[in-house]
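The values are calculated or read from the model by the stated rules, or taken from the named source; none is laboratory data. Note that this is a predicted model, so its numbers are computed, not measured. Here the Cβ positions follow ideal geometry from the backbone for every residue, glycine too, while neighbour counts run over all protein chains shown. Only protein heavy atoms, including side chains, enter the accessible area calculation; ligands, DNA and RNA are left aside. Shrake-Rupley method; radii C 1.70, N 1.55, O 1.52, S 1.80 Å.
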Amino acid sequence: MSYRDAVAKRIEGDRDALNRKGRLWEEIASGYEKEGQNGVKSVLVKRSSGITQKFNRLLRDLERKLWDRGND
Amino acid sequence: MISLRRLTIKGFRAYTEVKEFSFDSPMVLLFGENARGKSSTLNAIEWCLFGNECMGKGTGIRERINWELPNRNTKPPNVSVMLELEDKEGRRYVISRSLAPHGRRRGLEEKLRINLPEGGLVEGEEAKARLQQLVKLSFRDFLTTVYQHQEAIRAVLTQEPRERNDAIDRLLGLSDHRNILTGIEAARLEKERREIGTSFDSFAKEVEVALQTRKTDLKERAVKAQQKGLGESQLNQREALKIAEGAKDRLVEFAHQIGLGLPEIRVPKEWKGLSQFERALEREIKRFRSEIPEVMRQQDLFRDRSRITELREAYRREKENEYHARRKFQDFIREKGTGKVLDEKIKGVLEEIGKKKKTLEKTDARATLVRDALEYLSSDVKGAQDRCPLCGNKAANLAEHLKEEWEERIGGEVRKLQKEIDNLRTQLEELEGSSQEYDRLKEGLESAKKRANEVNRRIAKVLAREITERDDPYVLLNKRLGSIEKELKELEDVVSSRQDILDGIAHLLNQIEAIVDILNGEEKMRIVEEIEASPEYGQMEELKDELAILLDDIGKIKEAVGEVSHEEARQKIGAAEKLIDNYFRQIAGNPSVTNMRFSVKVDSRTARNHYEFKDQNGEDLTPVLSQGDLNALALSIFLGMATSGAVKESFGFVMLDDPSQSLGSGHKEKLIDILNEVLKDRIVILSSMDKELQDLTFSRITGAKKKYVFSDWTPEEGPGVKEE
């Protein structure tokens with residue numbers, strides 16, 4: 001059994017969590033097979049930066065609203 | 001098991017011309033100095049079987065990064081490797097892998113072909129699938145059980161535990177797991193989670209503080225509004241607009257009353273326009289305060305009062321100056337006379353001086369005569385030398401007599417006259433000084449009179465009437481001041497009542513401002529509340545949670561990778577443990593180690609494998625192992641894995657590349673003895689530059705041997721390979 005399948009089998013959780021982790025593992029493994037360690041890193045950084053960028057954009061907008069309109 | 005029978009190489013790395021190798025003996029030695037093409041030979045087998053899989057970072061071998069496959073001196077590049085394999089049923093397959101320019105852009109195209117034992121040829125994807133069926137092993141397993149790479153030994157030789165664990169993972173074919181764990185760590189997502197968490201908490205705190213501040217502000221503003229006479233029910237937009245209407249009406253009426261114009265000011269429809277309305281009304285109130293006719297009259301009167309008070313003071317001052325100047329002048333005249341008297345006195349003194357001077361001149365003439373006579377008598381001239389020319393008396397010693405006479409009669413007279421003249425001159429100086437003082441005092445008096453007249457002229461102008469000798473300007477000014485004060489008193493009440501009206505309107509504006517402040521605060525509080533309840537705020541929380549879930553998932557995957565890696569390591573070590581122990585003790589020949597226990601643990605923090613080598617007493621061996629022992633350990637693990645069946649479907653050959661890097665003579669002998677065991681069921685391809693190892697191979701290997709000597713490598717022809 002390849003390491004890819006072995007890890008996929010090892011991942012646990014309910015159906016949703018399993019699907020989610022399974023997809024993430026597929027992305028990680030594909031990234032690794034394409035570009036090695038950097039491939040893994042870029043998959044994860046891309047995933048998290050998608051979240052952090054959205055978060056930071058919302059935070060910036062709300063902070064501006066708070067300081068421009070919610071303060072004297 | 002798959003056996004290797006024949007290898008043909010052309011244009012691959014060190015090779016230019018076609019070279020062929022046959023593997024019909026169990027021991028094949030590739031012998032020669034460094035950089036003669038030995039490793040390229042082993043690499044060619046590897047590449048033919050696995051293609052691009054054996055290149056790049058993913059291999060875990062540092063030298064494979066930017067690995068250049070085609071030989072640089074072969075133009076155009078034309079790589080071709082052919083490998084003849086034989087399966088356990090004796091069927092032969094010819095694997096051909098090539099790399100050559102393709103198309104106009106001269107890119108290199110890789111081609112794979114397999115000549116099948118049953119006849120026929122397969123290419124491309126079909127060939128790839130067929131090769132996988134035949135080889136069965138992954139490239140990782142190939143590196144673990146077939147091809148002992150130089151770097152695998154070098155890495156084990158390190159004393160740094162993490163690097164050694166990494167190297168052993170590679171020897172066990174677990175590089176992928178370790179690399180993935182390293183890639184996960186390199187992403188540093190915990191830092192992202194902390195930052196997002198901190199940012200969110202900090203913003204939530206800011207929102208909370210803003211809400212509290214707004215609430216406190218509103219309470220304070222309500223108190224201020226009450227202090228300005230507003231009831232709680234008035235603190236709203238409707239009341240604010242109503243008060244604004246009232247203020248505007250009152251200002252319009254006031255303007256009408258005092259006869260001043262007022263630009264059109266509209267009461268806004270919403271409270272937000274009230275600040276502008278307030279500013280406009282304040283501006284007009286300020287203007288009215290200064291433009292009320294009574295106020296302007298007050299200002300004129302204040303100006304007049306100030307001017308008259310100043311004139312009155314000037315008049316008093318100048319009159320006093322004139323009085324003092326006159327008094328001094330009159331006192332002087334009384335004491336020293338008028339200017340005319342002084343002039344006549346000066347004239348008299350001058351005449352007297354003139355007379356005295358004439359007398360002095362005459363006296364001086366006689367004196368000259370006497371002096372001449374004395375000079376004559378003092379000379380040797382003979383004559384009437386005994387009669388005095390002054391007194392006419394006879395004198396025996398005329399010269400002596402004359403000296404006495406001159407002193408008595410002329411000297412005294414001259415001194416007396418000179419003294420009289422001096423006295424007269426002193427008198428003249430005094431008189432002249434007095435005359436100048438007279439002129440100065442007279443001039444001072446005239447000037448004082450002139451200034452007093454100027455003040456009178458100004459008074460006449462201010463009072464708008466002529467001032468005659470009969471008038472007392474001081475009294476006239478006082479009278480005028482009295483009338484001004486009276487008028488000012490009358491105006492004060494009127495102005496005060498006007499200002500009261502304006503104060504009333506200003507108070508209404510203050511009330512409006514207080515309500516606007518409250519409405520403004522309420523709006524800001526609403527905005528802060530909206531922020532807290534906004535979908536964006538909720539999304540931020542969701543994103544924070546999403547990142548936490550992502551990190552949790554990554555953590556779980558990391559654990560799974562670690563577990564798989566650990567389990568696989570444990571299985572492989574379990575399968576090969578005895579052989580590895582046996583090989584290690586044989587090669588290292590360390591009498592203090594009667595048993596080497598090779599085990600694996602999991603580092604709970606990194607999820608990585610941590611390998612332990614303990615002696616029969618459970619003591620850690622790594623701190624006491626020499627470089628040769630560590631080399632022996634690396635070879636033992638490789639040979640153990642290669643021969644134990646830890647990886648199924650293994651090849652019928654192993655390739656050892658420079659295995660004796662740090663081995664001593666004793667170690668080498670033992671290694672050859674072990675290879676004798678290995679040779680029983682597989683071919684050993686041994687690449688080395690070590691003469692001692694070569695000699696040991698030929699003296700101690702009991703099976704058939706073949707030796708390829710690599711020498712005289714040239715860029716044009718590649719390695720010179722000779723079979724011995």
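Observations, loosely collected:
- Across A:21/A:65; B:38/B:680; B:286/B:489; B:75/B:668, pairs whose alpha-carbon gap is larger than 32 Å: A:21/A:65; B:75/B:668
- Percent RCO, i.e. relative contact order, over segment B:621-701, from Cα pairs under 8 Å lying at least 6 residues apart: 34 percent
- Cross-linked pairs B:128/B:722; B:558/B:670; B:578/B:722; B:340/B:450; B:356/B:394: Cα-Cα separations exceed 29 Å for B:128/B:722; B:558/B:670; B:578/B:722; B:356/B:394.
- Once all protein chains are placed together, residue B:9 keeps about 0 Å² accessible to a 1.4 angstrom probe.
- Carbon/sulfur fraction of accessible area - the protein assembly as shown, other protein chains in place, 1.4 Å, %: 46 percent
- Global geometry of segment B:1-134, whether rounded, prolate or oblate, following the gyration tensor of its Cα atoms and the 1.5 cut on a/c: oblate
- Each Cα pair under 8 Å and six or more residues apart adds its separation to the average, and for segment B:297-471 the resulting relative contact order is 40 percent.
- Among the GluC sites (Glu not before Pro) in segment B:260-298, those placed in a DSSP loop whose Cβ has at most 16 other Cβ atoms within 10 Å are B:264, B:270.
- A 1.4 Å probe run over chain B, with the rest of the protein chains in place, finds 53 Å² accessible per residue.
- With N counted as the residues of the protein assembly as shown, its alpha-carbon radius of gyration over 2.2 N^0.38 Å works out to 2.31.
- The string of couplings for segment B:272-288 from the Karplus curve (6.51, -1.76, 1.60, θ = phi - 60°) is 5, x, 5, 5, 5, 4, 4, 4, 5, 5, 4, 4, 5, 4, 4, 5, 4 Hz, one whole number per residue in order, with x for Gly and Pro.
- Note: segment B:297-471, Cα convex hull, 150 Å³ per residue.
- Binning all Cα-Cα separations of segment B:92-133 at 10 Å, short to long from zero, yields these whole-percent fractions: 30, 45, 21, 5.
- Heavy-atom accessible area ranking, 1.4 Å probe, most first, across B:93, B:376: B:376, B:93
- In plain terms, the C-alpha convex hull of segment B:376-508 casts an average shadow of 22.4 nm² when viewed from every direction.
- Nearest-ten-degree value, helix A:15-69 long axis tilted from longest Cα axis of chain A: 10 degrees
- Chain B - mean residue ellipticity at 222 nm from DSSP helices (-39,500 (n - 2.57) per run, n ≥ 4, rounded to 500): -21500 deg cm²/dmol
- Shielding score for A:9-17, defined as the mean number of other chain Cβ atoms within 10 Å: 3
- Sites matching trypsin sites (Lys or Arg not before Pro) across segment B:631-724 that sit in DSSP coil, with at most 10 neighbouring C-beta atoms within 10 Å: B:648, B:680
- The orientation-averaged projected area of the convex hull spanned by the Cα atoms of chain B comes to 96.0 nm².
- Listed residues B:144, B:468 arranged by accessible area, highest first, probe 1.4 Å: B:468, B:144
- Averaged over A:58-70, number of beta-carbon atoms from partner chains that fall within 10 Å: 6
- Inter-chain shielding of B:535-547 (mean C-beta neighbours from other protein chains, 10 Å cut-off): 4
- Considering every alpha-carbon pair of segment B:434-514, the percent of pairs per 10 Å bin, from zero through the bin containing the longest distance, is 14, 22, 18, 16, 12, 9, 6, 2, 0.
- Gain on full stretching of the segment that runs from residue B:722 to residue B:108 - 0.36 nm per residue minus C-alpha separation: 217.9 nm
- Relative contact order of chain B, taken over Cα pairs closer than 8 Å and 6 or more residues apart, is 24 percent.
- Whole-number D in µm²/s for segment A:3-69 (Stokes-Einstein; Kirkwood sum over Cα pairs; 4 °C, 1.567 mPa s): 92 µm²/s
- Helix B:38-50 axis versus longest C-alpha principal axis of chain B: approximately 80°, rounded to the nearest ten.
- Buried accessible surface for the B/A pair, both sides summed and rounded to the nearest 100, is 4000 Å² with a 1.4 Å probe.
- Seen against the Cα atoms of chain B and their longest principal axis, helix B:412-463 is set at about 70 degrees.
- Accessible-area ranking of B:47, B:67, largest first, probe 1.4 Å: B:67, B:47
- Length gained on full extension, residue B:474 to residue B:68, computed as 0.36 nm times the residue gap minus the Cα-Cα distance: 134.2 nm.
- The accessible area of residue B:302, taken with all protein chains in place and a 1.4 Å probe, comes to roughly 90 Å².
- When the P(r) of segment B:447-494 is calculated, the portion above 17 Å amounts to 43% of the C-alpha pairs.
- Rounded accessible area of residue B:355 (nearest 10 Å², 1.4 Å probe): 130 Å²
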